[in-house]
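Comments concern the structure below.
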Amino acid sequence: MSICRWSVCTISPVLTRPSPIRSSLHLLTSPSYCSNSHKTHPDTQPLPNIHNMVQNKALIFKKVPSGWPKPGQDLVIESRDIDLDQKLPDGGLLVKNIYGSFDPYMRGRMRAPEAKSYSPPFELGKPITTLSIVKVVKSNTDKFKQGDLLVTRAPTPIEEYSVFDEKTLATVQKIENPYKLDPKYFLGALGMPGLTAWSSFYEIGQPKKGETIFISAASGAVGQLVGQLAKHEGLTVIGSVGDDKKLDFIKKELNFDSGFNYKTEKPAEALARLAPNGIDIYYENVGGEQLEAALDAMNNFGRVIACGMISQYNAKPDERYPIRNLMHTVAKRLTIRGFIVGDANMGPKHTKEHQEKLQKWLSEGTFKAQQSITVGIDNAIDGFLGMLEGRNFGKAILQIADLEKE
């Protein structure tokens, strides 16, 4: 077999039908495409009529990382061909991906297949998947038409174009946006992070007027909404963030009562200063030293809402922070509860109220939702790692295409 380009290779008149989406390298090196032989293989079919082939860039999961994911090794950007004029499956769609969500839980999916967790691992050699906003390019279903703007409620590939089959369409819905809000909100405050904040704050936090809540990662997609909900319910709100600009934001823009920069002040000292009478609720996003400090500061019968522990996600086993004061759980009769937003008594129970009230509040300007946008799929790796490192300011979103130009 000779490896050659289209312009110089001898192509047999009868060829194997390629998949609509395939590796560019495979296209140029497959024996079906480049051969010195004119013999017809018995299992081949005529060359398809390729109408509109384009490059389809994607964020690919290449290797299970040890510690921090490495650009170009664990995560890469690759191009694969897609035929925009291909025949769609029955009930299927061809979509242009506009926005993709970057969320901390995605780091947990970068694991070996045998490692069990609440969400499935990413597949090696395939695009990383996430919740997305997409625009219909071509439809083979009565449910959606060309030009519809949709949001996925189950992860779909981070790539420029995707083909959705009928099974995928069961988790896709048209965006209902009566207040004409920024569509990106449907990946943040009005999407999974917002529903996470809303359902867990009310279901686990059981807030009471006059109580004090401490929120770690307070300027993030979940933290900023929890803080505003707490203010709405009459609580005293304290937040921790990783730089002074974010600290200024949560106090002046989101009206938190106080906060601190955990990089310049130890959490235990900050909580002793800001909450001399203790805290009643801790909204946990970070883990490590902040969790330990919060347990020290908790009042009797306090509640810890365990949403995540991002400081530990990239730590190797021997590097993880040891929590040394868990006996407070017994002595103070604390409740520490983890959750998944898809649990029946969490997101599904609160979806209607979350959408109706928060859309209205966002439109009125009484609630705010800061966003951190990475522009272009070529910058996807930097945007994803920036979210894990805390470089994002608000909800981390990848802009794959310009909605105004599509």
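Here are the numbers:
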| item | result |
| --- | --- |
| Only listed residue being without any contact (Cβ under 8 Å) to a residue 40 or more places away in the chain, under 28 Å from the mean Cα position of the chain (by Cα) and part of a helix (DSSP H, G or I), chosen from Ser363, Ser311 | Ser311 |
| Test: residue in region 222-234 that is more than 29 Å from the chain's Cα centre (by Cα), surrounded by fewer than 24 Cβ atoms within 10 Å (Cβ to Cβ) and of a type outside the set (Ser, Thr, Tyr) | yes |
| Qualifying residue in region 92-108 (condition: crowded, with 19+ Cβ neighbours inside 10 Å, basic (Lys, Arg), within 25 Å of Cys307 (Cβ to Cβ) and not assigned by TED's automatic domain parsing to the domain that holds Lys316) | yes |
| Residues of region 344-372 classified as loosely packed, with under 15 Cβ neighbours inside 10 Å and under 24 Å from Met106 (Cβ atoms), total | 3 |
| The listed residue being among the hydrophobic types (A, V, I, L, M, F, W, C), in a loop (DSSP other than H, G, I, E, B) and touching a strand residue (DSSP E or B) at 6+ places or on another chain (Cβ under 9 Å), out of Ala294, Ala217 | Ala217 |
| Options Gly223, Gly227; residue that is closer than 21 Å to Leu362 by Cα, outside any loop (DSSP other than H, G, I, E, B) and either touching a Phe, Trp or Tyr at 6+ places or on another chain (Cβ under 6 Å) or among the polar types (S, T, N, Q) (or both) | Gly227 |
| Total residues in region 154-173, condition surrounded by fewer than 16 Cβ atoms within 10 Å (Cβ to Cβ) and assigned to a loop (DSSP other than H, G, I, E, B) | 4 |
| Single unsatisfied condition, Ala217 versus (1) of a type in the set (Gly, Ala, Ser); (2) closer than 21 Å to Gly188 by Cβ; (3) surrounded by fewer than 19 Cβ atoms within 10 Å (Cβ to Cβ) | (3) |
| Any hit, region 254-277, residues being out of contact with any Lys or Arg (no Cβ under 8 Å at 6 or more places or on another chain), buried (at least 21 other Cβ atoms within 10 Å of the Cβ) and β-branched (Val, Ile, Thr) | no |
| Test: residue in region 389-405 that is within 22 Å of Gly227 (Cβ to Cβ), modelled with pLDDT under 95, touching a Phe, Trp or Tyr at 6+ places or on another chain (Cβ under 8 Å) and surrounded by 15 or more Cβ atoms within 10 Å (Cβ to Cβ) | yes |
| Within region 113-137, considering residues that are of a type outside the set (Val, Ile, Thr) and crowded, with 16+ Cβ neighbours inside 10 Å, the one farthest from Ile400 (Cα to Cα) | Pro121 |
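The values are calculated or read from the model by the stated rules, or taken from the named source; none is laboratory data. Since the structure is predicted, the reported quantities are computational estimates derived from the model, not experimental observations. We place every Cβ from the backbone using ideal geometry, glycine too, and count neighbours over all the protein chains shown.
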